[in-house]
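Asker: Before anything else, here's the structure in question.
The values are calculated or read from the model by the stated rules, or taken from the named source; none is laboratory data. Computed from a predicted model, the values in this text were never measured in an experiment. Cβ placement follows ideal geometry from the backbone for every residue including glycine, while neighbour counts extend to all protein chains displayed. Each accessible area value is taken on the protein alone, full model and side chains, heavy atoms only, with ligands, DNA and RNA left out. Shrake-Rupley method; radii C 1.70, N 1.55, O 1.52, S 1.80 Å.
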Amino acid sequence: MTKFINPGLMKTSRRNVLRGSVLAGAAALTGAGAMATPRAPKLHNVNATSAKLYKAAAEQAKDTTAKPADLSGYTRVKQELVAPPFAPEHEQVATGGPKIVEITMETSEVLMVVDEDTGAEVWALTYNGSVPGPLIIVHEGDMVELTLRNPVDSQMEHNIDFHASTGALGGGGLTHVYPGEETVLRWKATKPGCFTYHCAPGGAMIPYHVTHGMNGAVMVLPREGLKDKDGNQLKYDSIAYIGEQDYYLPKDEDGEYRKYETAGEDYSDSLEAMVTLIPTHSVFNGAVGALTGENALNAKVGETVLMIHNQANRDSRPHLIGGHGEYVWETSFSDAPLTGLETWFVRGGSAVAAMYTFEQPGVYAYVNHNLIEGALLGATAHFVVEGAWNNELMEQVVAPHEFAT
């Protein structure tokens, strides 16, 4: 029999637990939960509050007075999602009328190595098996129709909160799926920009899921594509999708990273690590070195890259060493982009787009310019750029050599 991990709660079923409140915390965290320990932070109040919030959101599903959505004029298309750092096939400028973009995502609980040098690993909670979850791209006015599946062998309940959507906690109140269940949610992309999505089962399990990798990004393009402040068209040749993930991995009394047999087994230990607010790792795309060395991003001189940076939990300050944010949308595509930035700002719980055309060959480091996190905790990616060097932009006039004193 599958063992469902519902830390701090009584045994759950569809008959005794309202959708959305199963992992919202309830007041049984002390003494009743199979996973709870005396070391776990006391989260009664936040969990109880979250349970009420999710109960209210879930009740929207019972509303039978609302008229069905008018889908006349929409064309149905399927979008095949791909693993980061890549982007799905899409149009930069929309052709035809609005579309219903069908996507499928499966929650997956995967044991991942975070740092090979230290042996640090995590039972990552993911969408489609990757950290971050896949990038979704639609246009303003389109409908996103998601089929969300939770495999029968999962340990946990999951859901999804789209920051780009409107109502029911971003869909979080309507998408709770137990192991072996699936649900379908349709929402309209009314605001252009880049947005975070993440799992939010309720209470302490919200940060637990987010800091275990269960987040990603949606890009809602204007139907006419991206433009500068004067209305001139801006186009990109490729997308580099970067998800910055903060981990709070428990250690034993000897300072070694703990290992666990199943997803969720680390719950109480992780809460203890999380409340310090000090991450053990801050990495790009799930692990130290995920976007460096053999995994580095590739480009050519003259190629324009749109860098999409998602951080679902903490603020970040991306910087492209040797380049710039020529056009940066920190908030919305409805606003004119910021230009010529050396470092830009990603608010915790948001995604940002930055555009740059590479002008010199070589290796460019893309880092969180909190350099402690960039250099020591893992938040670094590399672009390897091919092409001819331009001495008009930079030239080594004299190579390093000893000088007489």
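Asker: From the list Thr331, Thr292, Thr262, Thr280, exactly one residue is at pLDDT below 95 and either out of contact with any strand residue (DSSP E or B) (no Cβ under 8 Å at 6 or more places or on another chain) or not basic (Lys, Arg) (or both). Which is it?
Answerer: Thr331
Asker: Which residue out of Gly349, Gly340, Gly378 is over 23 Å from Ala287 (Cβ atoms), modelled with pLDDT of 95 or more, in contact with a strand residue (DSSP E or B) (Cβ under 8 Å, 6 or more places away or on another chain) and of a type outside the set (S, T, N, Q)?
Answerer: The conditions single out Gly340.
Asker: If only one of Thr183, Thr166 is of a type in the set (S, T, N, Q), assigned to a strand (DSSP E or B) and either open to solvent by 20 Å² or more (accessible area, probe 1.4 Å) or out of contact with any Ser or Thr (no Cβ under 7 Å at 6 or more places or on another chain) (or both), which one is it?
Answerer: Going through Thr183, Thr166 in turn, the sole match is Thr183.
Asker: For Glu89, which of the numbered conditions (1) surrounded by 22 or more Cβ atoms within 10 Å (Cβ to Cβ); (2) closer than 24 Å to Cys194 by Cα fails to hold?
Answerer: Going through the list (1) surrounded by 22 or more Cβ atoms within 10 Å (Cβ to Cβ); (2) closer than 24 Å to Cys194 by Cα, Glu89 breaks only (1).
Asker: Please enumerate the residues belonging to region 164-188 that are within 18 Å of Ser350 (Cα to Cα), of a type in the set (Gly, Ala, Ser) and more than 18 Å from the chain's Cα centre (by Cα). So that I can check it myself, show each step before the final result.
Answerer: In the first step, residues of region 164-188 are kept if they are within 18 Å of Ser350 (Cα to Cα); the result is 164-167, 169-172.
Checking which are of a type in the set (Gly, Ala, Ser) leaves us with 164-165, 167, 170-172.
Matches in region 164-188: Gly167 only.
Asker: Name every residue in region 128-143 that is of a type outside the set (Asp, Glu) and either open to solvent by 10 Å² or more (accessible area, probe 1.4 Å) or under 15 Å from Glu244 (Cα atoms) (or both), in order of residue number.
Answerer: Answer for region 128-143, where residues must be of a type outside the set (Asp, Glu) and either open to solvent by 10 Å² or more (accessible area, probe 1.4 Å) or under 15 Å from Glu244 (Cα atoms) (or both): Asn128, Gly129, Ser130, Val131, Pro132, Gly133, Pro134, Leu135, His139, Gly141, Met143.
Asker: Return the residues of region 276-288 that are part of a loop (DSSP other than H, G, I, E, B) and of a type in the set (A, V, I, L, M, F, W, C); say none if nothing qualifies.
Answerer: Within region 276-288, Leu277, Ile278, Ala287, Val288 meet the criteria.
Asker: I would also like to ask the following. Which of the residues spanning region 112-122 are within 19 Å of His158 (Cβ to Cβ) and either modelled with pLDDT under 95 or buried (at least 24 other Cβ atoms within 10 Å of the Cβ) (or both)?
Answerer: Within region 112-122, the subset within 19 Å of His158 (Cβ to Cβ) is 112, 122.
Answer for region 112-122, where residues must be within 19 Å of His158 (Cβ to Cβ) and either modelled with pLDDT under 95 or buried (at least 24 other Cβ atoms within 10 Å of the Cβ) (or both): just Val122.
Asker: Then there is this: Tell me which residues, restricted to region 336-374, are over 21 Å from Thr211 (Cα atoms) and among the aromatic types (Phe, Trp, Tyr).
Answerer: Narrowing region 336-374 to residues over 21 Å from Thr211 (Cα atoms): 336-344, 353-366.
Within region 336-374, Trp344, Tyr356, Phe358, Tyr364, Tyr366 qualify.
Asker: Restricting to region 146-163, give me the number of residues that are more than 19 Å from the chain's Cα centre (by Cα) and surrounded by fewer than 24 Cβ atoms within 10 Å (Cβ to Cβ).
Answerer: 4
Asker: Here is a follow-up. Scan Ala273, Ala263 and give me the residue that is open to solvent by less than 10 Å² (accessible area, probe 1.4 Å) and either part of a loop (DSSP other than H, G, I, E, B) or farther than 20 Å from Gly129 by Cα (or both).
Answerer: Criteria check complete, one pass: Ala263.
Asker: Between Thr280, Thr357, Thr276, which is within 24 Å of Pro192 (Cβ to Cβ), of a type in the set (S, T, N, Q) and touching a residue at least 12 places away in the same chain (Cβ under 8 Å)? It would help to see each step written out before you state the result.
Answerer: Details: Thr280 fails: within 24 Å of Pro192 (Cβ to Cβ); Thr276 fails: within 24 Å of Pro192 (Cβ to Cβ).
Selected residue: Thr357, the only one of Thr280, Thr357, Thr276 that is within 24 Å of Pro192 (Cβ to Cβ), of a type in the set (S, T, N, Q) and touching a residue at least 12 places away in the same chain (Cβ under 8 Å).
Asker: Moving to a separate point now. Out of curiosity, is Ala399 of a type in the set (Gly, Ala, Ser), within 21 Å of the chain's Cα centre (by Cα) and over 17 Å from Gly323 (Cα atoms)? Break it down stepwise before answering.
Answerer: Details: of a type in the set (Gly, Ala, Ser): yes; within 21 Å of the chain's Cα centre (by Cα): no; over 17 Å from Gly323 (Cα atoms): yes.
Answer is no for this residue.
Asker: Residue under question is Thr175, and the condition is that it be closer than 23 Å to Tyr208 by Cβ, of a type in the set (Val, Ile, Thr) and open to solvent by less than 10 Å² (accessible area, probe 1.4 Å); does it hold?
Answerer: Spelling it out, Thr175 is indeed closer than 23 Å to Tyr208 by Cβ, of a type in the set (Val, Ile, Thr) and open to solvent by less than 10 Å² (accessible area, probe 1.4 Å).
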